[in-house]
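What follows is a set of notes on a single structure, which appears directly below.
The values are calculated or read from the model by the stated rules, or taken from the named source; none is laboratory data. A quick note: this is a predicted structure, and the numbers were derived from the prediction, not measured. Please note: Cβ atoms are built from the backbone with ideal geometry, for glycine as well, and neighbour counts cover all protein chains shown.
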Amino acid sequence: MKKNVLKVAFVALGMMFCTHANAQLSDILKNAAGTAIDQATGNSTIGKVAGDLLGNLLGTTDVSEKSLVGTWTYSQPGVAFESENVLASVVSSKVEKTMQNGLTKVGFTSGKVVMTLNEDKTGTITYNGKSAKINWAVDGTNLKLTFPLLNQGVTMNTKLTGNELQVAMKSDKLLSLVNAITSKVGTVNSTLGTLNTLTKNVKGMYMGLKFTKK
């Protein structure tokens, strides 16, 4: 019974996205749906699917400035959702893979991007051997990074789990952040721009970056 209900849900989901998303995104959803069905109908993996849903939620706990002071190294992309829903298990892993493929093309890979946040609210982001100065501030669950030389700022939801920091934002803000760090505007837009289509059609979906504290 559970298997049939899941199949109906994912078929309906696929029809919705075939209408609104392009072919590439439709394929992502179809492949992810098949994987999710296989997982959810196996006795040993239902708990994992539920755990993934919780792990992909946005941060709801205020983050202290003191906890963010230090050096953070980029580890991997992530996808976050406003609430628990079936889409989280369907699309998150596939979108994360698509994000990583795009980020890799501009040299945004694990260990290659380092963010340092100082106690005086200044800091730097180092990418490909070059450093950009930043200012930062915390407001509840949000972290705002400002790039003085570019007169540009990005506000992100923040989730801190142990020594892992997840920052999540809408895809257009992710493009702005990566553009500011890498200065490869055209390349970033062409490699990650299709994610805008997906986030516009998936309510409450955010693109994320994960950092590990040194």
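Show the residue pairs that are 6+ apart or on different chains and have beta-carbon atoms under 7 Å apart, the first residue being within the range 188-204 and of a type in the set (Val, Ile, Thr), the second being assigned to a helix (DSSP H, G or I) and at pLDDT below 75.
What qualifies is 194/24; 194/25; 197/25; 202/87; 202/91.
State the number of residues belonging to the range 108-135 that are of a type outside the set (Ser, Thr, Tyr), part of a strand (DSSP E or B) and in contact with a strand residue (DSSP E or B) (Cβ under 7 Å, 6 or more places away or on another chain).
10
What residue, of 189, 157, is under 17 Å from residue 77 (Cβ atoms) and modelled with pLDDT of 95 or more? Spell out the reasoning first.
Values: 189 fails: modelled with pLDDT of 95 or more.
After ruling out the rest, the residue left standing is 157.
(1) closer than 26 Å to residue 56 by Cβ; (2) part of a helix (DSSP H, G or I): which one isn't true of residue 187, the others all being true?
The number of the failed condition is (1).
Within the range 111-126, how many residues turn out to be at pLDDT below 95 and surrounded by 15 or more Cβ atoms within 10 Å (Cβ to Cβ)? Don't jump to the end; show me each part of the working.
Pass one, the range 111-126, residues at pLDDT below 95: 111-112.
From what's left, surrounded by 15 or more Cβ atoms within 10 Å (Cβ to Cβ): 112.
Total satisfying the criteria: 1.
Of all residues being aliphatic (A, V, I, L, M) and modelled with pLDDT of 95 or more in the range 127-146, which is surrounded by the fewest Cβ atoms within 10 Å (Cβ to Cβ)? Just the residue, please.
Per the stated criteria, the residue is 137.
Any idea how many residues of the range 192-208 are farther than 19 Å from residue 75 by Cα, in a helix (DSSP H, G or I) and not charged (D, E, K, R)?
Result for the range 192-208: 6.
Does the range 146-173 hold any residues that are in contact (Cβ under 8 Å) with a residue 40 or more places away in the chain and outside any strand (DSSP E or B), and which are they?
Listed by number, the list holds a single entry, 163.
Limited to the range 147-189, what total is found for residues that are of a type in the set (Gly, Ala, Ser) and crowded, with 16+ Cβ neighbours inside 10 Å? Spell out the reasoning first.
The initial filter retains those residues of the range 147-189 that are of a type in the set (Gly, Ala, Ser), namely 153, 162, 168, 171, 176, 180, 183, 186.
Next, from what is left, pick out any that are crowded, with 16+ Cβ neighbours inside 10 Å: 153, 168, 171, 176, 180.
Within the range 147-189, residues that are of a type in the set (Gly, Ala, Ser) and crowded, with 16+ Cβ neighbours inside 10 Å number 5.
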